[in-house]
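Engineer: Can you keep this structure in mind? I'll have questions shortly.
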Amino acid sequence: MRNPKVVVIGGGSGLSVVLRGLKHFPIDITAIVSVADSGGSSGILKKEFNIPAPGDLRNVMIALSNVEPLIEEVFQYRFRENSSIGAHPLGNLLITAMTEITGDVQVAIRRLRKLFNINGKILPATLEKIELVAEKTSGGFVFGESDIPVLGEKIKRVFYDGKVNSPKENIKAIEEADLIVFSIGSLYTSIIPNLLLENMQEALKKSKAQKIYICNAMGQMGETENYSVADHIESINRHVGFDMIDKVIVNSVEIPEEIIDRYSAEGSTPVELDINRLKKMRVRVIKEPLIKIDIEKRVRHLSHKLAAVIYSQIDNLENFYDE
C-alpha cells in the first residue's frame, strides 16, 4: 500500500491555494516552484546573494506546513519599508540564510521542512539564479519577470537568458508521478517558467502520468487579456513543444456582472470556455464550482474544492490502497 504521487507545478499565490487543500488528502505531494521572480524582496535577495528568488518558495512552505498560526504569521511577517531590513519578509531572510549556510537552496528548503513540519516535498524549478525574458508580439523584448506584464502588450513567448536545467530530484519526481498538475496562476510568469528547462520538457514528454491544467477564472492584465481556456493550453503546449495537457479543470460558477465590471476596469475579463476548440485539441473538460467572491470583491479559488476535484482524477485510485 502506498499513497498516490502527485506533482503540482506553478508559482505565485495560485500554487499555494492549490496546495493548502491538497495537503489534507492521502497523497505524496511534490511541489515544483518557479524561482524566476525579479521584483520586490525576492528580486533584491536574488541579486545581492546570487540565489534563486525565495518568495514563492516561502509561500509554498507555509501552504504545506502544519504549524501554529502564530508561527505562520511570524514567517510571513514583512518588515517596514523604511527599516534597515527594507521590507523583507522574515521567511525570505530565513531561506536566504539557510541557503548561505548550506550552499544549496534545495538543501536549505529540505532543512527548513523539518522546522515547519511540512507535509510534502518542495523543489525549486532550478538551483540557478535566472532571469526570465519575454518576446512581445510587437517584436520587443522585456527582461525580468516583474516587468513582463504590461496592459495592452501581448506576449509571444517567454524564455531564459541562458541555458538552464532542472535538478535531478525534479526529474525523478516527474518520472515517478501518478498525476501531474499545472496550477492556477500567472501563465507566463508562474506556470510556463517551470516548463522552459530542456530536461524537464523531455521528462514530461516521457511521463505516462495524466497531465491536468487548472485554468484561471479571470484573464490577467498584461499576460492573458482576452484569452480563452484553449488559448492558455495552446501557449503551454507551444512552449513545451508537444500536446501535453490531457484535461483542464475550469470553474462553473457564474461571476456576477458587478464583479466583471470591476475587473474590466483593470483590463481583465472572465476566461471563455471554448468547448469546440478543446474537443479538437482532445482536452477533456472538468467543470466544477470552484470560486467565491471575497470581501474585497475579488474572485478567489476555493482550496478544498480544487483539491477534491484533483484527488478524484487520480487513475485507479482504489488500487493504491489495495496494494
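Per-residue answers, yes or no, for (1) open to solvent by 30 Å² or more (accessible area, probe 1.4 Å); (2) farther than 26 Å from V271 by Cβ; (3) of a type in the set (A, V, I, L, M, F, W, C):
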site: S146; (1), (2), (3): yes, no, no
site: E153; (1), (2), (3): yes, no, no
site: S166; (1), (2), (3): no, yes, no
site: K172; (1), (2), (3): yes, yes, no
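Conditions (1) in contact (Cβ under 8 Å) with a residue 24 or more places away in the chain; (2) more than 18 Å from the chain's Cα centre (by Cα); (3) on the phi < 0 side of the Ramachandran plot; (4) part of a loop (DSSP other than H, G, I, E, B), marked per residue:
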{"residue": "M98", "(1), (2), (3), (4)": "no, yes, yes, no"}
{"residue": "Q106", "(1), (2), (3), (4)": "yes, no, yes, no"}
{"residue": "V164", "(1), (2), (3), (4)": "yes, yes, yes, yes"}
{"residue": "N194", "(1), (2), (3), (4)": "yes, no, yes, no"}
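Engineer: Condition check: more than 29 Å from R20 (Cβ to Cβ) and assigned to a helix (DSSP H, G or I). Does K156 satisfy that?
Structural biologist: When the stated conditions are applied, K156 does not pass them.
Engineer: OK, next. Say we look at the range 33-89 and pick out the residues that are of a type in the set (D, E) and surrounded by 16 or more Cβ atoms within 10 Å (Cβ to Cβ); which of these is nearest to G11 (Cα to Cα)?
Structural biologist: For the range 33-89, the residue satisfying everything is D56.
Engineer: Answer yes or no: is there a residue in the range 231-244 that is open to solvent by less than 10 Å² (accessible area, probe 1.4 Å), among the β-branched types (V, I, T), touching a residue at least 24 places away in the same chain (Cβ under 8 Å) and within 18 Å of P149 (Cβ to Cβ).
Structural biologist: yes
Engineer: How many residues are touching a Leu at 6+ places or on another chain (Cβ under 7 Å), among the acidic types (D, E) and in a helix (DSSP H, G or I) when one looks only at the range 215-252?
Structural biologist: 0
Engineer: What pairs come up if the first residue lies in the range 57-74 and is closer than 16 Å to V35 by Cβ and part of a helix (DSSP H, G or I), the second is open to solvent by 20 Å² or more (accessible area, probe 1.4 Å) and of a type in the set (G, A, S), and their beta carbons are under 8 Å apart, counting only those six or more places apart or on different chains?
Structural biologist: N59/S13
Engineer: Which condition breaks for I212 when tested against (1) in contact with an Asp or Glu (Cβ under 9 Å, 6 or more places away or on another chain); (2) outside any loop (DSSP other than H, G, I, E, B); (3) surrounded by fewer than 21 Cβ atoms within 10 Å (Cβ to Cβ)?
Structural biologist: I212 satisfies every listed condition except (3).
Engineer: Kindly provide the set of residues from the range 290-307 that are open to solvent by 60 Å² or more (accessible area, probe 1.4 Å) and either in a loop (DSSP other than H, G, I, E, B) or among the hydrophobic types (A, V, I, L, M, F, W, C) (or both), ordered by number.
Structural biologist: The answer is I293, I295, E296, K297.
Engineer: Something else: May I ask you to list pairs of residues, at least six apart or on different chains, whose Cβ atoms are under 6 Å apart, with the first in the range 254-273 being under 19 Å from L151 (Cα atoms) and the second being open to solvent by less than 90 Å² (accessible area, probe 1.4 Å) and among the basic types (K, R)?
Structural biologist: Short answer, once both residue conditions are applied: R262/K297.
The values are calculated or read from the model by the stated rules, or taken from the named source; none is laboratory data. Note that the coordinates shown come from a computational prediction; the quantities given were computed from them, not determined experimentally. Please note: Cβ atoms are built from the backbone with ideal geometry, for glycine as well, and neighbour counts cover all protein chains shown. Accessible surface areas use protein heavy atoms only, side chains included; no ligands, DNA or RNA. Shrake-Rupley method; radii C 1.70, N 1.55, O 1.52, S 1.80 Å.
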